[in-house]
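Visitor: Can you keep this structure in mind? I'll have questions shortly.
The values are calculated or read from the model by the stated rules, or taken from the named source; none is laboratory data. All values reported here derive from a predicted model rather than from experimental measurement. For neighbour counting, all protein chains shown are included, and Cβ atoms are generated from backbone atoms with ideal geometry for every residue, glycine included. When the accessible area is computed, the model is the full protein with side chains, heavy atoms only, and any ligands, DNA or RNA have been set aside. Shrake-Rupley method; radii C 1.70, N 1.55, O 1.52, S 1.80 Å.
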Amino acid sequence: MSDLSINPGIEIRDSERELQRFRGRLALLGVFVLVLFGLLFTRFAYLQVVRHSHYSTLAEANRISVLPIAPHRGVIFDRNGVLLAHNYSAYTLEIIPSKTDNLETTIDELATIVEITPRDRRRFRKLLEESKRFESLPIRTRLSDEEIARFAVNRYRFPGVEAKARLFRQYPQGEIFSHVVGHIGRINQREIEQLEKSGRLANYRGSDYIGKIGLEQSYEAALHGTTGVEEVEVDSGGRAVRVLSRTPPVSGNNLVLHLDARLQEIAYNAFGDRRGALVAIDPRTGGVLALVSKPGFDPNLFVDGIDPQSWAELNGSPDKPLLNRAASGTYPPGSTFKPFMALAALFYGKRPPQQVISDPGYFMFGGHRFRDGRPVPLGAVDMHRSIVVSSDVYYYSLANELGIDPIARFMALFGFGSRTGIDIAGESAGVLPSTEWKYRRFKQKWYAGETISVGIGQGYNSYTPLQLASATATLANDGLMFRPHIVDYVEDIRTREKTPVAPKPLRDLELKPEHLKIVKDAMVGVNKEGTSARVFADAPYVAAGKTGTAQVIAIKQGEKYVESRVAERHRDHAWFIVYAPAENPTIALAVIAENSGFGARAAAPIARQVLDYHMLGKLPKQPAEAD
């Protein structure tokens, strides 16, 4: 067999065919590579051309940091330029919880460098519960220069901890103005949502605080100002290199009040250890000269965030220092209601002023004896004497003659049972009883016997000291009623332009001058020969007033009220309303001293001190002594 014979186990390759196959694969690979490059080029063109503006902005944002600049909050002054709320700058030590590995360890180590008290820790924990972990929260405020220097040297040890310069709010008058000026506090989530709904959230970028109560809250828009913006170039580490542009913030406007700081202080101190409230109004304008609620609280506690212990002490105190008694506290008005009842009788023509009734010391109705609180019956009493000596029996019978709904309609004209519209929030409406009110409240009809006690300011009657002061001012102003307002004008911090909070006459009651004269003369008689004559015996001015005593708890029929046998907080409240000078009033006020007994004994001396300063500039002995 020849050597050239073919071995069937050997495959003869087709070189040409393999070469074509290789070229086909190479062509496919080339197409694939070209498609990839095409996609890359298309993406490159999209990013560089179509999306150039967007990514250029992002790149610029990495280089430029836009920082909000919080404005200075407006300052609050009294009528004489006394500072009631202002700002000062200080350093604060702040922690961003999300940037710290162990929060408690960080705080413990910080405490070796700067002083951190237990109160600081409690306040920080409270803020931590109310805030998000990425927010910067203060652990210490008002650091000294030495403390700042010590922290600066050790800053590298504390990631997430920074020392920042902040503006702080201060209330130099402390608790005396706590309820009327109010205070600021850290913005919470509910307030953020409210700002967002109102379209004002952008103006609060960089701001941590907002008005919480009082004027700080009601005039927040005027006090806050306009937030500024600063564009800063930063390096790769986020450190500022230079300022590129700056739009400065606009400071908030200032408030100038009708309030007299010295008058407010005298009124507050006159209460001594007693609880109560006083509101003084200029009847010619409605301007509030003093608004006192005793006891108050230190508003400075709330500026940095109040610690839990201090909050628990204030919130749990039986004296209720957080309650604004002047605008939110409601009480039976007692006998201070009687001048308005007398006006109602004249208004409806139900009882002429010269009509005399017999006061035997009680009034019988439906088999029930309504007692007069005095030990000796008054005998014959006309309208003038009923106010001067405060006859209960006269007004028991008068209320029965008038009926509850006519009483309610007339008292509503003076603002009883409705909010006055004063320029701070939280005002109570009180209760002006009527048949409609009782059915709406209790789904029960009104009984005639319930009207009797209403005539002497008891029963369902319940009003605020502010309402009573406003009604007294309206009476002093011959029936022309103004809306009480605390702020006199708002001052633009840049232009110094003053925008007055113009007095707004609410209505003219159109009372007859002869009716007003009868009641006003009787109120002058109260201070000359009546229930408060001893308090005003040596006054060189003429004031018109009315004492009142309001029951806190009902006394059973046949029993006699003995103050010494009643628990202190169940004792009667002492009321006094007054305006002066009687012939041309410049001030009208209402005073209540809680659980202090007769109005002439406890409330009238407080009013006398306030009037002496307002009328004579006389500084009183503190506190006012009970007569």
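Visitor: Counting only residues that are in a strand (DSSP E or B) and within 29 Å of the chain's Cα centre (by Cα), how many does the range 576-623 have?
Guide: 11
Visitor: Restricting to the range 320-347, name every residue that is farther than 20 Å from VAL181 by Cα and open to solvent by 10 Å² or more (accessible area, probe 1.4 Å).
Guide: Result: THR330, TYR331, PRO332, SER335, LEU346, PHE347.
Visitor: Give the number of residues within the range 511-550 that are closer than 17 Å to PRO333 by Cβ, assigned to a helix (DSSP H, G or I) and open to solvent by 20 Å² or more (accessible area, probe 1.4 Å).
Guide: Summing the residues that are closer than 17 Å to PRO333 by Cβ, assigned to a helix (DSSP H, G or I) and open to solvent by 20 Å² or more (accessible area, probe 1.4 Å) in the range 511-550 gives 0.
Visitor: Going through the range 497-510 one residue at a time, which ones are touching a helix residue (DSSP H, G or I) at 6+ places or on another chain (Cβ under 9 Å), basic (Lys, Arg) and in a loop (DSSP other than H, G, I, E, B)?
Guide: If the condition is that a residue be touching a helix residue (DSSP H, G or I) at 6+ places or on another chain (Cβ under 9 Å), basic (Lys, Arg) and in a loop (DSSP other than H, G, I, E, B), then no residue fits.
Visitor: Quick check, is ARG157 modelled with pLDDT under 90, within 26 Å of the chain's Cα centre (by Cα) and open to solvent by 50 Å² or more (accessible area, probe 1.4 Å)?
Guide: no
Visitor: Can you find a residue in the range 491-510 that is open to solvent by less than 40 Å² (accessible area, probe 1.4 Å), over 25 Å from PRO605 (Cα atoms) and acidic (Asp, Glu)?
Guide: yes
Visitor: Go over the candidates LEU84, LEU127 one by one and state the one that is in the same structural domain as GLN170 (by TED's automatic domain parsing), within 25 Å of GLU220 (Cα to Cα) and in a helix (DSSP H, G or I).
Guide: Just one listed residue meets the conditions, LEU127.
Visitor: Is one or more of the residues making up the range 444-455 surrounded by fewer than 22 Cβ atoms within 10 Å (Cβ to Cβ), hydroxyl-bearing (Ser, Thr, Tyr) and in contact with a Gly (Cβ under 6 Å, 6 or more places away or on another chain)?
Guide: yes
Visitor: Further question on the same structure: For the range 419-466, which residues satisfy the criterion of being under 22 Å from the mean Cα position of the chain (by Cα) and free of Cβ contacts under 8 Å to residues at least 40 places away in the same chain?
Guide: Residues satisfying the conditions are ARG419, ALA429.
This table checks each residue for (1) more than 26 Å from ASP492 (Cα to Cα); (2) within 17 Å of the chain's Cα centre (by Cα); (3) surrounded by 18 or more Cβ atoms within 10 Å (Cβ to Cβ).
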residue	(1), (2), (3)
GLU193	yes, no, no
LYS212	no, yes, yes
THR227	no, no, yes
GLU233	yes, no, no
VAL243	yes, no, no
SER251	no, no, yes
LEU255	no, yes, yes
GLU265	yes, no, yes
VAL288	no, yes, yes
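Visitor: Return the residues of the range 473-496 that are modelled with pLDDT of 95 or more, outside any strand (DSSP E or B) and out of contact with any Ser or Thr (no Cβ under 7 Å at 6 or more places or on another chain); say none if nothing qualifies.
Guide: Result: ALA473, THR474, LEU475, ALA476, ASN477, ASP478, GLY479, ILE486.
Visitor: Still on this model: Let me confirm something: among ALA399, ALA380, ALA412, which residue is within 30 Å of ARG534 (Cα to Cα), in the same structural domain as ASP488 (by TED's automatic domain parsing) and exposed (fewer than 14 other Cβ atoms within 10 Å of the Cβ)?
Guide: Sole residue among the options that is within 30 Å of ARG534 (Cα to Cα), in the same structural domain as ASP488 (by TED's automatic domain parsing) and exposed (fewer than 14 other Cβ atoms within 10 Å of the Cβ): ALA380.
Visitor: Does ILE553 satisfy being in a loop (DSSP other than H, G, I, E, B), in contact with a helix residue (DSSP H, G or I) (Cβ under 8 Å, 6 or more places away or on another chain), over 30 Å from ARG79 (Cβ atoms) and in the same structural domain as GLY403 (by TED's automatic domain parsing)?
Guide: Yes.
Visitor: To continue, here is another question. Quick check: is even one residue across the range 311-319 open to solvent by less than 10 Å² (accessible area, probe 1.4 Å), farther than 30 Å from VAL524 by Cα and either of a type in the set (Ser, Thr, Tyr) or touching a His at 6+ places or on another chain (Cβ under 6 Å) (or both)?
Guide: No: zero hits.
Visitor: Out of all the residues in the range 108-124, which are outside any helix (DSSP H, G or I) and either buried (at least 16 other Cβ atoms within 10 Å of the Cβ) or not assigned by TED's automatic domain parsing to the domain that holds ARG205 (or both)?
Guide: Result: ILE113, VAL114, ILE116.
Visitor: Of (1) open to solvent by 50 Å² or more (accessible area, probe 1.4 Å); (2) part of a strand (DSSP E or B); (3) of a type in the set (Phe, Trp, Tyr), PHE168 satisfies all except one. Which?
Guide: (1)
Visitor: Go through the range 130-158 and report how many residues are assigned to a loop (DSSP other than H, G, I, E, B) and over 21 Å from ARG205 (Cα atoms).
Guide: The total comes to 2.
Visitor: While we're looking at this one, here's another question. What number of residues in the range 87-105 are open to solvent by less than 20 Å² (accessible area, probe 1.4 Å), more than 30 Å from VAL75 (Cα to Cα) and not in a loop (DSSP other than H, G, I, E, B)?
Guide: So the count comes out to 1.
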